[in-house]
2 protein chains.
Amino acid sequence: MDHEIVDYMEMALSTAEIAAHRGEVPVGAVIVDTASGRIIANSGNQMVGRSDPTAHAEMLALRAAGNMIGSQRLVDCDMYVTLEPCPMCAAAISLARIRRLYFGAYDPKGGGVEYGARIFDQASCHHRPEVYGGIHECESATLLKNFFETRR
Amino acid sequence: MDHEIVDYMEMALSTAEIAAHRGEVPVGAVIVDTASGRIIANSGNQMVGRSDPTAHAEMLALRAAGNMIGSQRLVDCDMYVTLEPCPMCAAAISLARIRRLYFGAYDPKGGGVEYGARIFDQASCHHRPEVYGGIHECESATLLKNFFETRR
């Protein structure tokens, strides 16, 4: 596997761990400008901290990246996220024109890419990123499992 | 029709008009705390102005309302929006536990409630608001039509 892909996902995993320490469901997302290889956004979940139902890691990363490059279209940008995006985040990833989506654990209950609404497979979806699931899948899933176990 | 429903939608329409003056696709969204009848958020599209692909009127209203009431769960809140929400916004409305969704124009191309991903009809959708479409439908649609005609 491409060494860089694993590196970026490890960065997203570190961000997810930090989110867990803040009491947030541990999900982390990184956006990379593919021309430079530079990480232009790196966010963890903040729904609790911000009292914001939209503050999923992916959404915060998309907002930060748009702000950084001065455009709502993140062309030539890839996203790395530790969990399969939900329908909200998948639709936002499409709106932002993300080139490639790499995700960690699959999410049969809440996912909107391979499960549920399957956002990118809809005829009305204007942009479908290339999708690569299961990158560092076990680490991502274990992080979530441990988080929910300690909360019971 | 309930007088208040029309009043709230007219407020959303005014907000959509203001968005058009800023060069944004004219969509407006209002969130009402149903116990008090008070408008707790009122937002128009800001994707261009904020360079933010997620800055749809509904998303900004959800973020503002969560911030105002100090919770990511907007229980006993209703949303009024001039256009059928897209899949991103529909999924966010579900995550926020909005009680009732009133919308203006239907959106066969971009909508995610009655069209496309039909977010609330998915088995994996945990919360489905009551949905009432077509409130002030023509005014909402005309606002959008005029906006795109002047841009050609």
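The HN-Hα couplings worked out from phi for the range A:80-93 by the Karplus form 6.51 cos²θ - 1.76 cosθ + 1.60 (θ = phi - 60°) are 10, 9, 6, 10, 3, x, 6, x, 4, 5, 4, 5, 5, 4 Hz, whole numbers, x standing for Gly and Pro.
Accessible surface area normalised per residue over the range A:94-152 is 56 Å², counting heavy atoms of protein chains with a 1.4 Å rolling probe. With its label point defined 7 Å out from Cα along the Cα-to-Cβ axis, B:SER124 lies at 1.9 nm from the matching points of the other copies, in increasing order. Find which of A:CYS138, B:VAL48, A:ALA91 sits farthest along the positive direction of the dipole of the protein assembly as shown, computed with +1 on the beta-carbon of Lys and Arg, -1 on that of Asp and Glu, about the Cα centre. Projecting each Cα onto the dipole axis, the largest value belongs to B:VAL48.
Roughly how much accessible area, to the nearest 100 Å², goes out of reach of solvent when B and A pair up, both sides summed, probe 1.4 Å? Kindly include the intermediate steps, with their values, before the conclusion.
Numbers: alone 7810 and 7800 Å², together 13370 Å².
That pair hides around 2200 Å² of surface in total.
As a ratio to 2.2 N^0.38 Å, the alpha-carbon radius of gyration computed for the protein assembly as shown takes the value 0.97. Here the Gaussian network model covers chain A, with springs between Cα atoms less than 10 Å apart; of A:GLY133, A:GLY104, A:GLY23, A:GLY23 fluctuates the most. Label-point spacing for A:CYS138 across the identical copies (point 7 Å from Cα in the Cβ direction), in nm and ascending order: 6.4.
Nearest-to-axis residue in chain B, judged by Cβ distance to the rotation axis that brings B onto A and given in whole Å, is B:ALA117, 2.
Scalar couplings 3J(HN,Hα) for the range A:136-146, obtained by applying the Karplus form with A = 6.51, B = -1.76, C = 1.60 to θ = phi - 60°, are 6, 4, 5, 4, 5, 5, 5, 4, 5, 4, 4 Hz; x denotes Gly and Pro.
Ranking B:SER71, B:SER36, B:LEU101 by Cα position along the charge dipole of the range B:1-122, where only Lys, Arg, Asp and Glu carry charges on their C-beta atoms, puts B:SER71 farthest toward the positive end.
In this Cβ point-charge picture (+1 for Lys and Arg, -1 for Asp and Glu), chain B has a dipole of about 540 debye about its Cα centre. Bridge orientation summary for chain B: considering DSSP beta bridges with both residues in this region, about 60 percent are antiparallel.
Translational diffusion of the range A:1-133, estimated by Stokes-Einstein from the Kirkwood radius over alpha carbon pairs at 4 °C in a medium of 1.567 mPa s, is 90 µm² per second. FRET efficiency for the B:ASN67 to B:GLU4 pair, using the beta carbon distance and R₀ = 22 Å, is estimated at 0.35. Between copies, A:MET68 shows label-point distances of 3.3 nm, shortest first, with the point placed 7 angstrom from Cα along Cα to C-beta. Compare B:ASP52, B:ASP78, B:ASP107 in a GNM of chain B, Cα atoms joined below 10 Å, and give the one with the largest fluctuation. Ranking B:ASP52, B:ASP78, B:ASP107 by mean-square fluctuation puts B:ASP52 first. Taking only protein heavy atoms and a 1.4 Å probe, the accessible area of chain A is 49% carbon and sulfur. Between B:HIS21, B:HIS136, B:HIS127, the residue with the greatest mean-square fluctuation in the GNM of chain B (Cα pairs under 10 Å linked by springs) is B:HIS21.
Converting phi to 3J(HN,Hα) with the Karplus coefficients 6.51, -1.76 and 1.60 and the offset θ = phi - 60°, the range B:26-37 yields x, 10, x, 9, 10, 10, 10, 7, 6, 5, 9, x Hz in sequence order, with x at every glycine or proline. The figure for A:THR15 is an accessible area of roughly 20 square angstrom, using a 1.4 Å probe on the protein chains alone.
Amide H to amide H, with H built 1.01 Å from N, B:GLY28 comes under 5 Å of B:ALA16, B:THR82, B:LEU83, counting only residues 5 or more places away or on other chains. Inter-chain neighbour count for B:93-105: the average number of beta-carbon atoms from partner chains within 10 Å of each residue's beta-carbon is 2.
The values are calculated or read from the model by the stated rules, or taken from the named source; none is laboratory data. Since this is a predicted model, take the numbers as computed values, not measurements. All Cβ positions, even for glycine, are placed from backbone atoms using ideal geometry, and neighbour counts span all protein chains on display. Surface accessibility is based on the protein's heavy atoms, side chains included, excluding ligands, DNA and RNA. Shrake-Rupley method; radii C 1.70, N 1.55, O 1.52, S 1.80 Å.
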